[in-house]
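The block underneath contains the structure these notes are about, expressed in structure tokens.
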Amino acid sequence: MINVGSDLNVIPFVGQVDDEERDEWLAALSLVLPGERLVPFSNLTNSEKTQATIAIVANPQPNEIEQLPNLLWIHSVWAGVERMLADLQGASFDIVRLIDPELSRTMAEAALAWTLYLHRDMPAYYKQQQDQNWKALPYRKPSQKTVGVLGLGSLGNAASKTLANADFNVVGWSRNKKNISGLKTFEGPEGLKSTFEQSDIIVCLLPLTDETRGLIGEELLQLMPRRGGIINFARGPIINKSDLIAALDDGLLAHAVLDVFDQEPLPAGDPIWAHPYVTVLPHISAPTDVQTASEIVSTNIKNYRLTGQVPASVDRLKGY
Ligand code: NAP
């Protein structure tokens, strides 16, 4: 599958993935980039390390990236770049992240699935079954529930639309003012408060930045209508864990669905595993699709070879 031939440009694949996953990426990328020579970092010669101006990366080890001195830009096959930005602070090359409509669709599907899980009281019915308790809980229509989506980027935008199509009343919050048809949107600190005041369920799809670290804590959780739910599909440290647990223990919040954690995998013995009002997911809300991601990476690289234009890249100052 991997192209050989010294007249082709070398593109290193640099990632902390197991051999099977690495080979899957190399096979898919080589298929859609026949004019390039995709080489796993471990197979690069010293001269190839110097030749490389583009790398395709999946959570790369910083010390491997440092061995590629002439990089102009790197293309991540993941959407989130938090870890890379922290690891590669001094680097001068551009970082391009994955923006894939298929990933957005998958995340929107997850947002809908777990919103319905909370909306239809599935955690409570699961508990009632364990207690052999036959009891109907009150039903409210989706249109009578407000879902607040934090972050209206590639993922939040798609999730908002899918939730609105399922008849939920959706409000969204972002950094800059947005004008999205059919969606009530807010921005800034006051807008964040309004979003929490209205939302029965919060879906977090923000990037982790200096501004969003610890953003969701007691003050905001207190503003939510009682017995609300929270879904975090973004990054663990955006939510203050002890404030969240306190809100669940006090009955202020009914349930939390957490796909992301300060430390992943969530360590064995962490009390959150056994918390009765938390659903733990192993970072699965939106896995990257190797085929569609490879096609997007290929289009970006082919465009660059034709035009010399580096695709839209991550803003290091903003942190996303
Ligand atoms: P994106 O396109 O960069 O969108 C980020 C959104 O967050 C934008 O709407 C942005 O506002 C908003 N935002 C950023 N900082 C903010 C702040 N301080 N205050 C208010 N709003 C702020 O990112 P994306 O592709 O949607 O991805 C979002 C995150 O999802 C990623 O960073 C990653 O952490 C996470 N993720 C998780 C999984 C998973 O499987 N769990 C998979 C992929 C990604 P503006 O629009 O105004 O700039």
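Each value in this text was obtained by applying a stated rule to the coordinates, not by laboratory testing. As the structure is a computational prediction, the values presented were derived from the model and not from experiment. Positions of Cβ are generated from backbone atoms using ideal geometry, with glycine treated the same way; all protein chains shown enter the neighbour counts.
Worth pointing out:
- The number of residues in the range 42-70 being more than 13 Å from residue 11 (Cβ to Cβ) and surrounded by fewer than 19 Cβ atoms within 10 Å (Cβ to Cβ) comes to 13.
- Number of positions in the range 188-234 that are in contact with a Gly (Cβ under 6 Å, 6 or more places away or on another chain), more than 10 Å from the ligand (Cβ to nearest atom) and hydrophobic (A, V, I, L, M, F, W, C): 2
- Subset of the range 271-292 (residues that are surrounded by 12 or more Cβ atoms within 10 Å (Cβ to Cβ) and touching a strand residue (DSSP E or B) at 6+ places or on another chain (Cβ under 9 Å)): 272, 275, 277, 278, 279, 280, 281, 285, 288
- Condition met for residue 39 (touching a Gly at 6+ places or on another chain (Cβ under 9 Å), under 18 Å from residue 294 (Cα atoms) and buried (at least 16 other Cβ atoms within 10 Å of the Cβ)): no
- Any hit, the range 252-270, residues being within 20 Å of residue 145 (Cα to Cα) and in a loop (DSSP other than H, G, I, E, B): yes
- Residue count for the range 79-96 satisfying the condition of being within 12 Å of the ligand (Cβ to nearest atom), among the small types (Gly, Ala, Ser) and either surrounded by fewer than 17 Cβ atoms within 10 Å (Cβ to Cβ) or more than 15 Å from the chain's Cα centre (by Cα) (or both): 0.
- Residue in the range 127-143 that is within 18 Å of residue 205 (Cα to Cα) and hydrophobic (A, V, I, L, M, F, W, C) present: no
- Subset tally (residues that are touching a residue at least 24 places away in the same chain (Cβ under 8 Å) and surrounded by fewer than 13 Cβ atoms within 10 Å (Cβ to Cβ)) for the range 132-188: 4
- Of all residues in the range 176-207, exactly one satisfies the criterion of being polar (S, T, N, Q) and out of contact with any strand residue (DSSP E or B) (no Cβ under 9 Å at 6 or more places or on another chain), namely 181.
A quick yes/no check of all residues on (1) farther than 30 Å from residue 33 by Cβ; (2) hydrophobic (A, V, I, L, M, F, W, C):
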{"residue": "221", "(1), (2)": "yes, yes"}
{"residue": "242", "(1), (2)": "yes, no"}
{"residue": "267", "(1), (2)": "yes, no"}
{"residue": "278", "(1), (2)": "yes, yes"}
{"residue": "281", "(1), (2)": "yes, yes"}
{"residue": "316", "(1), (2)": "no, no"}
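- Test: residue 320 is over 21 Å from the mean Cα position of the chain (by Cα) and either of a type in the set (Ser, Thr, Tyr) or within 14 Å of the ligand (Cβ to nearest atom) (or both): no
- A single entry from 154, 143 fulfils the requirement of being within 10 Å of the ligand (Cβ to nearest atom) and of a type in the set (Ser, Thr, Tyr): 154.
- Residues in the range 20-71 that are under 26 Å from residue 82 (Cβ atoms) and assigned to a strand (DSSP E or B): 38, 40, 54, 55, 56, 57, 58.
- Hey, residue 76 farther than 23 Å from residue 171 by Cβ, more than 9 Å from the ligand (Cβ to nearest atom) and touching a helix residue (DSSP H, G or I) at 6+ places or on another chain (Cβ under 7 Å) or not: yes
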